Amino acid sequence: MSIVRMTQVTDQIQPSYRSGQADSTPRTPAASSAASLAESVTTYIPTEVVTGYVAVIGALHQATAHSRTADWVVFCLFLVIVPLVVWLGLARQERAKGLPLPTHPRTWPAHTRFNVIAATVSFALWGFSLPQTPFQDFGWYQTVYGAAALIIGSLLLGQISPLFQWDAEARRTRAASGPVDDD
């Protein structure tokens, strides 16, 4: 999902604070096949990160002297980039709404914290389940472990995500009346 689309979906997934009823319907795609499982997990990862990772790994694998160390460096680099990219997208969304820039994790709204963590975990699960994953360096790794991690991760993220849905209008109202604390 692109960063722009992620911010749009974040605004669409809202419980109604005015009516007092929260919509707890999971918003992740149905997990009925391997492709939909991967889609379920990659929903949380910005498309720009997935595209960049695939492009860099593809270029590395085309090199004649390919090193598995390079695969690990790229995986770790993108694992660090994911939370930064997600935060930048969500921070831009907050600023566009006239809300204060959430600079410290303690000031982040719950949905921002969840999206940053979910995207990072999703990227790790996705990277763990890829056919040419660097985790193959470990003697214990088997492809079935990647598939199992993908299944369990998508199920858990789908069940947890409704807990962090929020109402943008309620946040704006609270921001106008004083400091925001979503804890």
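The values are calculated or read from the model by the stated rules, or taken from the named source; none is laboratory data. Worth saying up front: this structure is predicted, and the values here are computed from it rather than measured. All Cβ positions, even for glycine, are placed from backbone atoms using ideal geometry, and neighbour counts span all protein chains on display.
Set side by side, the residues 168, 118, 148 differ, and just one is of a type in the set (Gly, Ala, Ser), surrounded by 17 or more Cβ atoms within 10 Å (Cβ to Cβ) and at pLDDT 85 or above, which is 118. Considering the range 97-113, and only residues there that are surrounded by 14 or more Cβ atoms within 10 Å (Cβ to Cβ) and β-branched (Val, Ile, Thr), the residue that is modelled with the lowest pLDDT turns out to be 107.
One residue alone among 9, 54 is assigned to a helix (DSSP H, G or I), modelled with pLDDT of 50 or more and not small (Gly, Ala, Ser), and that residue is 54. Of all the listed residues (48, 94), the sole one being surrounded by 12 or more Cβ atoms within 10 Å (Cβ to Cβ), touching a helix residue (DSSP H, G or I) at 6+ places or on another chain (Cβ under 7 Å), acidic (Asp, Glu) and modelled with pLDDT under 90 is 48. I want to confirm something. Restricting to the range 53-75 and keeping residues that are small (Gly, Ala, Ser) and closer than 15 Å to residue 137 by Cβ, which single residue is surrounded by the most Cβ atoms within 10 Å (Cβ to Cβ)? So, considering only residues that are small (Gly, Ala, Ser) and closer than 15 Å to residue 137 by Cβ, the one surrounded by the most Cβ atoms within 10 Å (Cβ to Cβ) is 70. If you check 147, 119, 110 for being within 21 Å of residue 80 (Cβ to Cβ) and touching a residue at least 12 places away in the same chain (Cβ under 8 Å), only one passes: 119. Of the candidates 37, 60, 79, the single residue that is of a type in the set (A, V, I, L, M), closer than 21 Å to residue 154 by Cα and modelled with pLDDT of 85 or more is 79.
Do we find a residue being charged (D, E, K, R), at pLDDT below 85 and out of contact with any Pro (no Cβ under 6 Å at 6 or more places or on another chain) anywhere in the range 124-143? No; the residues of the range 124-143 include none that is charged (D, E, K, R), at pLDDT below 85 and out of contact with any Pro (no Cβ under 6 Å at 6 or more places or on another chain).
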